[in-house]
Amino acid sequence: MGVLNVTPDSFSDGGLWLDVDDAVAHAREMAAEGAAIVDVGGESTRPGAESVPEAEELERVVPVVERVATDGGPRVSIDTRKVAVAEAAIQAGARIVNDVSAFRSDPAMAGLVASSGATCCLMHMLGDDPRTMQADPRYDDVVSEVKAFLEQRLAFAVGEGVPEEHVWLDPGIGFGKTIDHNLELIRRLDEIVALGRPVVIGTSRKTFIGRLTGRPERERAAGTVAANVIAYERGASIFRVHDVVEAVDSLKVAAATVGQWTTSPSA
Ligand code: HH2
């Protein structure tokens, strides 16, 4: 899953893709590099980010979704907490709703996902506000608490009519977590995978990688690869990344090494 932030303030690619032509070209580039999904977002959820008015978020994402979600193109996912944005994106061709609030910001989101037949990604965030989530996050046992939350949100979605097979789950790396919380979630990801739904993991260029490597956002691809390969080995299925080439190559080799990928005859 390639990340396409159509925002001025995202933590690693803010301001790069505000022009619709540039954004569409970047989406196509990521698809050519091997991204099966392009995740389009119009509101940063980095710690401290200000919320974006609905009209502005719509204006940012809909023209991009329309042009990326064409026949033969990648599947488009819309990264939003607002039901009106998700609805317009679905009308424009998006097939996945990536809601970092797991249907808590807008409970009507579940009904939209159910009636549209979209797939959804439900993510864990500590509390419900990215502006405050990183203020001294605490857990007794981060993995069991995240797991219990995801199980509860899955049950809510299914109760609202979303078929279970249309739900992906995400532990929300960096969303109200310390470095140790993030590392433990990756190390024990198999416990989240045990919920029986595909697990999405978003480690790409995040702060914990910067702290461990001492590198700025744009130089965190190698650190991201390491985190993703371990997550893969623990059972993650979908990898949300900015650096698609590195993700695809490393996961092909990781999959082949554990016997789950065969090279094509021409390779
Ligand atoms: N991380 C970010 C945004 N959306 N969605 C899912 N499912 N999982 C994640 O880990 C996740 C996400 C944050 O990264 P990014 O989009 O690069 O930055 P920003 O929120 O500043 O736009």
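List of remarks:
- Relative contact order [Cα under 8 Å, 6+ residues apart], the chain, whole percent: 16
- Fluctuation leader among Met109, Met133, Met123 - the chain, Gaussian network, Cα springs under 10 angstrom: Met133
- Mean-square fluctuations from a GNM of the chain, with a 10 angstrom spring cutoff on Cα atoms, peak among Thr132, Thr119, Thr203 at Thr132.
- Cross-link partners of Lys147 among lysines (Cα-Cα below 27 Å; sequence separation of 8 or more within a chain): Lys82, Lys177, Lys206
- Kirkwood-based Rg to Rh ratio, the chain, C-alpha trace: 0.94
- Gyration tensor (alpha-carbon) shape descriptor, the range 1-55, a/c threshold 1.5: prolate
- The chain: DSSP helices with Cα axial extent of at least 27 Å and average Kyte-Doolittle hydropathy no lower than 1.0: none
Read-outs: derived from the displayed coordinates by stated rules, not from any lab. Keep in mind the model is a prediction, meaning the values are calculated, not measured.
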